[in-house]
Amino acid sequence: ATGTAPDVLGRPARVNIGRLPDGTYQLVDLTRPATVTTYDAAGREEMDFNRTLPADVHPAASATTDFPAATGTSGATDAHLNAAAVHDFYRDRLGRDGIDGKAGPITSVVNVTSNGAPMENAYWDGQKMIYGGGSGKYRPFSAARDVAGHEMTHGVVEHTAELVNLGQSGALDEAVADYFGNAIEVTSRGIPMTDPRAALLGEDLCRTGTPEACAGRRLDDRRTTVADYIGAPAGADNGGVHLNSTIVSGALWDIRRTLDPLLADRLVYRALAEYMTPLDDFVDARNAVLAAGRALGLDRAQLRTVAGAFDAHGIKD
Ligand code: ASN
Ligand code: ZN
(Lines give C-alpha, C1' and ligand atoms only; values in the text may rest on other atoms or scores of the structure.)
(Ligands and ions follow the chains in the order given, each with its own letter.)
Protein backbone atom coordinates (compact mmCIF):
# COMPACT_ATOMS: atom_id res chain seq x y z
CA ALA A 1 0.00 0.00 0.00
CA THR A 2 1.01 3.61 -0.28
CA GLY A 3 0.13 6.49 1.98
CA THR A 4 0.93 10.09 2.66
CA ALA A 5 3.14 11.24 5.50
CA PRO A 6 4.51 14.68 6.34
CA ASP A 7 8.28 14.96 6.09
CA VAL A 8 10.43 16.69 8.68
CA LEU A 9 9.47 20.09 7.25
CA GLY A 10 5.76 19.21 7.21
CA ARG A 11 5.53 18.70 3.45
CA PRO A 12 3.38 15.73 2.35
CA ALA A 13 5.36 12.81 0.93
CA ARG A 14 4.31 9.51 -0.64
CA VAL A 15 5.42 6.55 1.46
CA ASN A 16 5.29 2.79 0.97
CA ILE A 17 3.46 1.28 3.91
CA GLY A 18 2.16 -2.01 5.26
CA ARG A 19 -1.36 -2.78 6.43
CA LEU A 20 -1.89 -4.72 9.65
CA PRO A 21 -4.72 -7.25 10.18
CA ASP A 22 -6.51 -4.72 12.42
CA GLY A 23 -6.68 -2.26 9.52
CA THR A 24 -4.02 0.17 10.72
CA TYR A 25 -0.88 1.07 8.76
CA GLN A 26 2.84 1.15 9.50
CA LEU A 27 6.03 2.47 7.88
CA VAL A 28 6.97 -0.90 6.46
CA ASP A 29 8.04 -0.81 2.81
CA LEU A 30 7.52 -4.21 1.20
CA THR A 31 8.17 -3.14 -2.41
CA ARG A 32 11.71 -4.58 -2.54
CA PRO A 33 13.26 -7.95 -1.65
CA ALA A 34 14.78 -6.13 1.36
CA THR A 35 12.08 -4.93 3.76
CA VAL A 36 12.51 -1.34 4.92
CA THR A 37 11.01 -0.67 8.37
CA THR A 38 11.05 2.53 10.40
CA TYR A 39 10.44 2.47 14.17
CA ASP A 40 9.55 5.48 16.28
CA ALA A 41 11.30 5.32 19.64
CA ALA A 42 9.18 8.28 20.81
CA GLY A 43 12.04 9.66 22.89
CA ARG A 44 13.17 6.43 24.54
CA GLU A 45 16.76 6.00 25.61
CA GLU A 46 19.36 4.74 23.14
CA MET A 47 20.51 2.14 25.69
CA ASP A 48 17.13 0.42 25.32
CA PHE A 49 17.96 -0.33 21.68
CA ASN A 50 21.31 -1.95 22.22
CA ARG A 51 21.07 -4.64 19.55
CA THR A 52 17.49 -5.71 20.32
CA LEU A 53 14.28 -3.76 19.87
CA PRO A 54 12.08 -3.40 22.97
CA ALA A 55 8.81 -5.27 22.53
CA ASP A 56 6.76 -2.14 23.10
CA VAL A 57 8.44 -0.06 20.39
CA HIS A 58 6.68 -0.35 17.04
CA PRO A 59 7.03 0.91 13.50
CA ALA A 60 5.57 4.39 13.05
CA ALA A 61 1.82 3.84 12.73
CA SER A 62 -1.38 5.46 11.54
CA ALA A 63 -5.08 4.65 11.68
CA THR A 64 -5.44 5.68 8.02
CA THR A 65 -3.12 6.01 5.02
CA ASP A 66 -2.77 9.68 5.96
CA PHE A 67 -0.01 9.59 8.57
CA PRO A 68 -0.13 12.09 11.47
CA ALA A 69 2.12 15.11 11.97
CA ALA A 70 4.30 13.22 14.47
CA THR A 71 5.49 10.94 11.66
CA GLY A 72 7.25 13.98 10.26
CA THR A 73 8.48 15.70 13.42
CA SER A 74 9.96 12.45 14.78
CA GLY A 75 12.06 12.04 11.65
CA ALA A 76 10.29 8.77 10.74
CA THR A 77 9.13 9.78 7.26
CA ASP A 78 12.57 11.01 6.27
CA ALA A 79 14.26 7.90 7.69
CA HIS A 80 11.89 5.72 5.69
CA LEU A 81 12.43 7.59 2.43
CA ASN A 82 16.17 7.94 2.93
CA ALA A 83 16.64 4.25 3.74
CA ALA A 84 14.87 3.37 0.48
CA ALA A 85 16.93 5.90 -1.50
CA VAL A 86 20.19 4.57 -0.07
CA HIS A 87 19.11 1.00 -0.78
CA ASP A 88 18.26 1.90 -4.37
CA PHE A 89 21.60 3.66 -4.92
CA TYR A 90 23.47 0.53 -3.87
CA ARG A 91 21.20 -1.66 -6.02
CA ASP A 92 21.01 0.45 -9.18
CA ARG A 93 24.52 1.87 -9.24
CA LEU A 94 26.58 -0.86 -7.66
CA GLY A 95 24.48 -4.01 -7.99
CA ARG A 96 24.33 -4.57 -4.22
CA ASP A 97 21.20 -6.08 -2.69
CA GLY A 98 20.85 -4.10 0.53
CA ILE A 99 23.13 -3.57 3.50
CA ASP A 100 24.09 -7.21 3.84
CA GLY A 101 24.04 -7.88 0.08
CA LYS A 102 21.40 -10.56 0.66
CA ALA A 103 18.20 -8.51 0.87
CA GLY A 104 18.28 -8.58 4.67
CA PRO A 105 16.00 -6.21 6.60
CA ILE A 106 16.80 -2.49 6.60
CA THR A 107 15.69 -1.09 9.92
CA SER A 108 15.78 2.46 11.25
CA VAL A 109 14.89 3.70 14.73
CA VAL A 110 14.17 7.43 15.01
CA ASN A 111 13.61 9.86 17.87
CA VAL A 112 16.04 8.32 20.34
CA THR A 113 17.38 10.19 23.38
CA SER A 114 20.67 9.82 25.22
CA ASN A 115 20.98 10.16 29.01
CA GLY A 116 17.70 12.01 29.17
CA ALA A 117 18.76 14.60 26.60
CA PRO A 118 18.23 14.93 22.86
CA MET A 119 20.71 12.71 21.02
CA GLU A 120 22.58 14.95 18.58
CA ASN A 121 23.97 12.03 16.61
CA ALA A 122 23.18 8.93 14.58
CA TYR A 123 24.89 5.56 14.30
CA TRP A 124 24.83 2.03 12.95
CA ASP A 125 24.52 -0.32 15.93
CA GLY A 126 25.59 -3.48 14.14
CA GLN A 127 22.09 -4.31 12.94
CA LYS A 128 20.17 -1.09 12.38
CA MET A 129 20.30 2.68 12.14
CA ILE A 130 19.72 4.68 15.33
CA TYR A 131 18.85 8.36 14.90
CA GLY A 132 18.59 11.15 17.44
CA GLY A 133 15.34 13.04 17.37
CA GLY A 134 16.94 16.42 17.12
CA SER A 135 17.10 19.35 19.51
CA GLY A 136 16.79 23.10 19.60
CA LYS A 137 19.82 23.28 17.35
CA TYR A 138 19.41 20.19 15.13
CA ARG A 139 16.63 18.63 13.10
CA PRO A 140 16.07 14.89 13.51
CA PHE A 141 19.23 13.25 12.23
CA SER A 142 17.38 10.98 9.81
CA ALA A 143 16.40 14.07 7.83
CA ALA A 144 19.83 14.28 6.18
CA ARG A 145 20.23 11.81 3.32
CA ASP A 146 24.03 11.99 3.54
CA VAL A 147 23.84 11.02 7.22
CA ALA A 148 21.51 8.10 6.42
CA GLY A 149 23.88 7.06 3.64
CA HIS A 150 26.83 7.32 6.04
CA GLU A 151 25.19 5.11 8.69
CA MET A 152 23.94 2.52 6.21
CA THR A 153 27.39 2.40 4.63
CA HIS A 154 28.79 1.41 8.04
CA GLY A 155 26.51 -1.60 7.66
CA VAL A 156 27.84 -2.29 4.17
CA VAL A 157 31.42 -2.05 5.49
CA GLU A 158 30.55 -4.51 8.25
CA HIS A 159 29.43 -6.99 5.57
CA THR A 160 32.44 -6.41 3.28
CA ALA A 161 35.89 -5.20 4.39
CA GLU A 162 34.93 -5.33 8.11
CA LEU A 163 37.23 -2.37 8.86
CA VAL A 164 38.09 -2.21 12.56
CA ASN A 165 36.75 0.95 14.20
CA LEU A 166 40.08 2.13 15.62
CA GLY A 167 42.97 4.27 14.42
CA GLN A 168 43.64 4.34 10.67
CA SER A 169 41.32 1.46 9.76
CA GLY A 170 38.58 3.25 11.72
CA ALA A 171 39.29 6.55 9.96
CA LEU A 172 39.14 4.65 6.66
CA ASP A 173 35.73 3.25 7.70
CA GLU A 174 34.54 6.81 8.41
CA ALA A 175 36.00 8.04 5.11
CA VAL A 176 34.17 5.38 3.08
CA ALA A 177 30.95 6.13 4.99
CA ASP A 178 31.31 9.87 4.30
CA TYR A 179 32.19 9.28 0.65
CA PHE A 180 29.09 7.20 -0.03
CA GLY A 181 26.90 9.36 2.22
CA ASN A 182 27.65 12.36 0.04
CA ALA A 183 27.75 10.39 -3.23
CA ILE A 184 24.26 9.04 -2.49
CA GLU A 185 22.88 12.44 -1.57
CA VAL A 186 24.18 14.24 -4.65
CA THR A 187 23.29 11.41 -7.04
CA SER A 188 19.77 10.78 -5.81
CA ARG A 189 18.95 14.49 -5.48
CA GLY A 190 20.64 15.58 -8.69
CA ILE A 191 23.10 17.96 -6.97
CA PRO A 192 26.10 18.79 -9.20
CA MET A 193 29.58 18.00 -7.84
CA THR A 194 30.41 21.70 -8.30
CA ASP A 195 27.71 22.74 -5.81
CA PRO A 196 29.56 23.90 -2.67
CA ARG A 197 27.21 21.82 -0.52
CA ALA A 198 28.04 18.58 -2.34
CA ALA A 199 31.12 17.93 -0.22
CA LEU A 200 29.48 18.82 3.11
CA LEU A 201 28.20 16.14 5.48
CA GLY A 202 25.04 16.79 7.49
CA GLU A 203 24.79 20.37 6.23
CA ASP A 204 20.96 20.27 6.24
CA LEU A 205 20.56 19.42 9.91
CA CYS A 206 20.85 22.80 11.62
CA ARG A 207 17.67 24.77 12.25
CA THR A 208 19.60 28.03 11.75
CA GLY A 209 22.96 29.05 10.31
CA THR A 210 24.80 28.34 7.11
CA PRO A 211 25.39 24.88 5.60
CA GLU A 212 29.14 25.39 6.00
CA ALA A 213 28.81 26.12 9.72
CA CYS A 214 26.42 23.22 10.21
CA ALA A 215 28.32 20.48 8.39
CA GLY A 216 30.02 17.93 10.63
CA ARG A 217 32.75 17.34 8.06
CA ARG A 218 33.70 18.51 4.60
CA LEU A 219 35.41 16.33 2.01
CA ASP A 220 36.88 19.18 -0.02
CA ASP A 221 39.18 20.58 2.65
CA ARG A 222 42.55 21.02 0.97
CA ARG A 223 44.39 21.15 4.26
CA THR A 224 43.67 17.59 5.34
CA THR A 225 46.75 15.54 4.61
CA VAL A 226 48.69 12.94 6.56
CA ALA A 227 50.69 15.84 8.03
CA ASP A 228 47.50 16.81 9.91
CA TYR A 229 47.05 13.33 11.40
CA ILE A 230 45.85 13.59 14.97
CA GLY A 231 47.15 10.79 17.14
CA ALA A 232 44.34 11.04 19.65
CA PRO A 233 44.87 9.21 22.91
CA ALA A 234 43.41 5.72 22.86
CA GLY A 235 39.76 5.86 23.82
CA ALA A 236 39.17 9.37 22.46
CA ASP A 237 37.03 8.88 19.35
CA ASN A 238 38.65 5.44 18.93
CA GLY A 239 41.93 7.09 18.04
CA GLY A 240 40.47 10.03 16.16
CA VAL A 241 38.48 8.10 13.58
CA HIS A 242 36.22 11.10 12.90
CA LEU A 243 39.14 13.55 13.02
CA ASN A 244 41.44 11.80 10.57
CA SER A 245 38.84 10.46 8.14
CA THR A 246 39.01 13.53 5.88
CA ILE A 247 42.61 12.69 4.99
CA VAL A 248 41.27 9.69 3.06
CA SER A 249 37.79 10.96 2.18
CA GLY A 250 39.42 14.12 0.79
CA ALA A 251 41.40 11.96 -1.63
CA LEU A 252 38.34 9.86 -2.54
CA TRP A 253 36.24 12.99 -3.12
CA ASP A 254 38.97 14.50 -5.32
CA ILE A 255 38.82 11.32 -7.41
CA ARG A 256 35.05 11.66 -7.68
CA ARG A 257 35.36 15.27 -8.80
CA THR A 258 38.04 14.48 -11.37
CA LEU A 259 36.92 11.15 -12.81
CA ASP A 260 33.38 10.38 -13.88
CA PRO A 261 31.34 10.10 -10.62
CA LEU A 262 29.83 6.74 -11.62
CA LEU A 263 33.28 5.32 -12.32
CA ALA A 264 34.55 6.72 -9.00
CA ASP A 265 31.67 5.12 -7.10
CA ARG A 266 32.30 1.74 -8.74
CA LEU A 267 35.99 2.14 -7.98
CA VAL A 268 35.61 2.90 -4.28
CA TYR A 269 32.98 0.19 -3.89
CA ARG A 270 35.15 -2.41 -5.64
CA ALA A 271 38.07 -1.44 -3.41
CA LEU A 272 35.87 -1.82 -0.32
CA ALA A 273 34.24 -5.08 -1.35
CA GLU A 274 37.24 -6.87 -2.85
CA TYR A 275 40.55 -5.37 -1.76
CA MET A 276 40.29 -3.76 1.69
CA THR A 277 40.81 -5.90 4.80
CA PRO A 278 39.98 -5.23 8.47
CA LEU A 279 43.25 -3.66 9.66
CA ASP A 280 44.05 -1.62 6.55
CA ASP A 281 45.85 1.69 7.01
CA PHE A 282 45.75 4.68 4.66
CA VAL A 283 48.47 3.35 2.34
CA ASP A 284 46.63 0.02 2.14
CA ALA A 285 43.53 1.98 1.13
CA ARG A 286 45.49 3.70 -1.66
CA ASN A 287 46.72 0.33 -2.90
CA ALA A 288 43.21 -1.15 -2.67
CA VAL A 289 41.73 1.65 -4.77
CA LEU A 290 44.52 1.36 -7.36
CA ALA A 291 44.07 -2.44 -7.51
CA ALA A 292 40.33 -1.93 -8.00
CA GLY A 293 41.13 0.59 -10.73
CA ARG A 294 43.27 -1.92 -12.61
CA ALA A 295 40.56 -4.57 -12.22
CA LEU A 296 38.00 -2.16 -13.64
CA GLY A 297 40.22 -1.41 -16.62
CA LEU A 298 41.07 2.21 -15.86
CA ASP A 299 43.59 3.61 -18.33
CA ARG A 300 47.00 5.00 -17.37
CA ALA A 301 45.81 8.59 -17.16
CA GLN A 302 42.92 7.61 -14.90
CA LEU A 303 45.21 5.57 -12.65
CA ARG A 304 47.54 8.57 -12.45
CA THR A 305 44.58 10.70 -11.38
CA VAL A 306 43.81 8.23 -8.60
CA ALA A 307 47.42 8.05 -7.43
CA GLY A 308 47.71 11.84 -7.61
CA ALA A 309 44.69 12.31 -5.37
CA PHE A 310 46.25 10.15 -2.66
CA ASP A 311 49.61 11.91 -3.16
CA ALA A 312 47.91 15.29 -2.63
CA HIS A 313 46.68 14.11 0.77
CA GLY A 314 50.08 12.77 1.76
CA ILE A 315 49.12 9.11 1.34
CA LYS A 316 52.12 7.75 -0.56
CA ASP A 317 53.36 4.24 -1.11
N1 ASN B 1 27.69 9.51 13.56
C2 ASN B 1 28.82 8.77 14.06
C3 ASN B 1 29.25 7.77 13.03
O4 ASN B 1 28.47 7.04 12.48
C5 ASN B 1 28.47 8.10 15.30
C6 ASN B 1 29.63 7.91 16.18
O7 ASN B 1 30.26 8.84 16.62
N8 ASN B 1 29.97 6.69 16.45
O9 ASN B 1 30.43 7.67 12.76
ZN1 ZN C 1 30.60 6.92 10.98
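The values are calculated or read from the model by the stated rules, or taken from the named source; none is laboratory data. None of the values given here were measured: they were computed from a predicted structure. Using ideal geometry, Cβ is built from the backbone for each residue, glycine included, and neighbour counts are taken over all protein chains shown.
Within segment 80-98, does at least one residue satisfy the condition of being without any contact (Cβ under 8 Å) to a residue 40 or more places away in the chain, at positive phi and either assigned by TED's automatic domain parsing to the domain that holds Ile184 or not hydrophobic (A, V, I, L, M, F, W, C) (or both)? Checked segment 80-98: at least one residue is without any contact (Cβ under 8 Å) to a residue 40 or more places away in the chain, at positive phi and either assigned by TED's automatic domain parsing to the domain that holds Ile184 or not hydrophobic (A, V, I, L, M, F, W, C) (or both).
The requirement of being within 16 Å of ligand 1 (Cβ to nearest atom), surrounded by 17 or more Cβ atoms within 10 Å (Cβ to Cβ) and not aromatic (Phe, Trp, Tyr) is fulfilled somewhere in segment 218-236, by at least one residue. From the set of residues in segment 140-161 that are of a type in the set (Asp, Glu) and closer than 15 Å to Thr107 by Cβ, which is surrounded by the fewest Cβ atoms within 10 Å (Cβ to Cβ)? It comes out as Glu158. Residues in segment 143-178 that are more than 10 Å from the chain's Cα centre (by Cα) and among the hydroxyl-bearing types (Ser, Thr, Tyr): Thr160, Ser169. So for segment 124-139 (the condition being assigned to a helix (DSSP H, G or I), crowded, with 24+ Cβ neighbours inside 10 Å, within 10 Å of ligand 1 (Cβ to nearest atom) and under 12 Å from the mean Cα position of the chain (by Cα)), does at least one residue qualify? Taking every residue of segment 124-139 in turn, none turns out to be assigned to a helix (DSSP H, G or I), crowded, with 24+ Cβ neighbours inside 10 Å, within 10 Å of ligand 1 (Cβ to nearest atom) and under 12 Å from the mean Cα position of the chain (by Cα).
Residue count for segment 223-279 under the criterion of being outside any helix (DSSP H, G or I) and in contact (Cβ under 8 Å) with a residue 60 or more places away in the chain: the result is 6.
Summed over segment 130-147, residues that are away from ligand 2 (no atom under 11 Å from the Cβ) and in contact with a strand residue (DSSP E or B) (Cβ under 7 Å, 6 or more places away or on another chain) total 12.
Here's a check for you: in segment 97-117, which residue that is over 13 Å from Glu151 (Cβ atoms) and crowded, with 19+ Cβ neighbours inside 10 Å is farthest from ligand 1 (Cβ to nearest atom)? Among those residues, the one meeting the criterion is Gly98.
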